[in-house]
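Below: one structure, written as C-alpha cells.
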Amino acid sequence: MKYIIAIIKPHKLEEVRAALANVGVAVMTASEVKGFGRQKGQTEIYRGAEYTTNMVPKAKLEIAVADTLAGSVIEAIQQTAGTGAIGDGKIFVLDLASALRIRTGETGENAL
C-alpha cells in the first residue's frame, strides 16, 4: 500500500478530485493548508496598500491506495494540478505499513 500526500493550488482541488474518482479513488482527505517553497510568498494589494505574505494558501490531499493504483493516482494528480507555473505543488509517496478500519476491524488493503 502507498500513502500519497499532494500539495496543490486550492482552485485545482475539485478538478483533481474528479480525476481521482475517474481512476478509482474512493476515499481522500483534503485540508486547507499554508506554506511556501520556491515562491517565497507573494505580494498582494489590499485596500490600496501592498503587503507580502510569507505563507501561500494550498490544498493538501492525503490518499491511501493499493500499490497497483498508486501510479495512476500520481499521474492523475500531476496532469490535473499542473499548470506549468511556479507553485503547482508537490507529491510525496510513502510506503504504508498497515491500515485498520475501526468499525469492522478489517486490515490491509481491505481497510482502504
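The values are calculated or read from the model by the stated rules, or taken from the named source; none is laboratory data. Worth saying up front: this structure is predicted, and the values here are computed from it rather than measured. Here Cβ is always computed from backbone atoms with ideal geometry, including for glycine, and neighbour counts include all displayed protein chains. Remember, those area values only see protein heavy atoms, side chains included, never the ligands or the DNA or RNA. Shrake-Rupley method; radii C 1.70, N 1.55, O 1.52, S 1.80 Å.
Remarks
- Filtered by the rule that a residue be modelled with pLDDT of 70 or more, within 13 Å of G87 (Cβ to Cβ) and assigned to a loop (DSSP other than H, G, I, E, B), region 26-67 gives F36, G37, R38, M55.
- Filter result for V93 (in a helix (DSSP H, G or I), at negative phi and not basic (K, R)): no
- Residue match in region 91-99 (condition: open to solvent by 80 Å² or more (accessible area, probe 1.4 Å) and farther than 30 Å from G37 by Cβ): yes
- Within region 16-27, the set of residues being of a type outside the set (A, V, I, L, M, F, W, C) and under 12 Å from the mean Cα position of the chain (by Cα) comprises R17 only.
- Residue count for region 1-12 satisfying the condition of being surrounded by 18 or more Cβ atoms within 10 Å (Cβ to Cβ) and part of a helix (DSSP H, G or I): 1.
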